[in-house]
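Have a look at the structure below before the remarks.
The values are calculated or read from the model by the stated rules, or taken from the named source; none is laboratory data. Computed from a predicted structure; not experimentally measured. Glycine gets a Cβ as well: all are built from the backbone with ideal geometry, and neighbour counts include every protein chain shown. Ligands, DNA and RNA are stripped out before the accessible areas are found, and what is left, the full protein with its side chains, is counted by its heavy atoms. Shrake-Rupley method; radii C 1.70, N 1.55, O 1.52, S 1.80 Å.
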Amino acid sequence: MSSISSSLHQSFSDLFQKYNQDTYLKENLWLEIETYYTSKKRHYHTLSHLKNLFQELIPIKEKLEDWETIQFSVFYHDIIYNASRNDNEEKSAVLAIERLKEIGLPEDQILKCNHQILITKSHENSDLDTNYFTDADLSILGKSWEIYEEYFLQIRKEYRIYPDFIYNPGRKKALKHFLEMPRIFKTDYFFEKYEKQAQINLKKELEILSK
């Protein structure tokens with residue numbers, strides 16, 4: 001088990017045990033998460049992505065109303081990821097609901113988790129907890145150019161089933177969608193931390209794709 005997997009496993013175990021003491025269920029659910037996120041078809045939507053979200057959110061968890069629900073949203077938001085489909089968020093949310101019911105989360109937390117996962121499709125403005133979560137999900141956009149470049153090359157690998165003449169227009173449309181937003185990051189915390197560099201990165205990738 002890698003250090004990232006081991007760390008996330010411990011985080012999931014600690015979270016799970018706040019609601020359920022069934023060790024067999026806990027290990028089975030973790031194995032399912034690990035199996036999905038370590039698929040050989042994945043290059044960006046991996047356990048490293050989950051680790052990055054936690055690294056972004058843990059320093060500000062005192063700002064969050066429901067830290068436990070957000071943690072479940074981190075673990076399950078990309079559990080289903082198929083580059084040839086456009087319903088990954090919906091399928092991830094359905095699986096999350098099933099698993100959170102098994103764990104025994106209260107209905108209101110399950111509904112919040114469902115909402116947080118679904119909104120990663122549009123990244124629309126929402127309640128503060130959800131905005132922090134979706135901003136963390138987009139934090140890669142505002143990292144240094146070197147890290148961002150690695151990210152978009154990983155995304156291209158995930159979509160390698162498509163030739164450039166199909167992939168590039170779709171990717172450009174996604175980049176323009178973010179650039180046309182009044183602001184990419186909804187919360188002041190992430191806006192101040194990443195907005196300027198994100199704008200630079202997105203425009204630079206768009207230029208590369210337009211050559």
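Return the residues of segment 40-81 that are outside any helix (DSSP H, G or I) and open to solvent by 40 Å² or more (accessible area, probe 1.4 Å); say none if nothing qualifies. Spell out the reasoning first.
At the first step, the residues of segment 40-81 found to be outside any helix (DSSP H, G or I) are 40-46, 64-66, 77-81.
Hits for segment 40-81 are LYS40, LYS41, HIS43, GLU65, TYR81.
Across segment 155-168, what is the total count of residues that are open to solvent by 70 Å² or more (accessible area, probe 1.4 Å) and either among the acidic types (Asp, Glu) or farther than 20 Å from TYR44 by Cβ (or both)?
Residues in segment 155-168 being open to solvent by 70 Å² or more (accessible area, probe 1.4 Å) and either among the acidic types (Asp, Glu) or farther than 20 Å from TYR44 by Cβ (or both): 2 in total.
Here LEU111 meets the list (1) in contact (Cβ under 8 Å) with a residue 60 or more places away in the chain; (2) farther than 27 Å from ILE147 by Cα almost entirely, failing just condition (1). Kindly indicate whether any position in segment 46-53 is β-branched (Val, Ile, Thr), free of Cβ contacts under 8 Å to residues at least 60 places away in the same chain and in contact with a helix residue (DSSP H, G or I) (Cβ under 9 Å, 6 or more places away or on another chain). Yes, because at least one residue in segment 46-53 is β-branched (Val, Ile, Thr), free of Cβ contacts under 8 Å to residues at least 60 places away in the same chain and in contact with a helix residue (DSSP H, G or I) (Cβ under 9 Å, 6 or more places away or on another chain). Could you list, in sequence order, the residues of segment 91-108 that are in contact (Cβ under 8 Å) with a residue 24 or more places away in the chain, among the aliphatic types (A, V, I, L, M) and open to solvent by 10 Å² or more (accessible area, probe 1.4 Å)? Result: LEU105, single match.
Scanning segment 177-206 for residues that are open to solvent by 90 Å² or more (accessible area, probe 1.4 Å) and either in contact (Cβ under 8 Å) with a residue 12 or more places away in the chain or of a type in the set (Phe, Trp, Tyr) (or both) returns LYS193, LYS196, LYS203.
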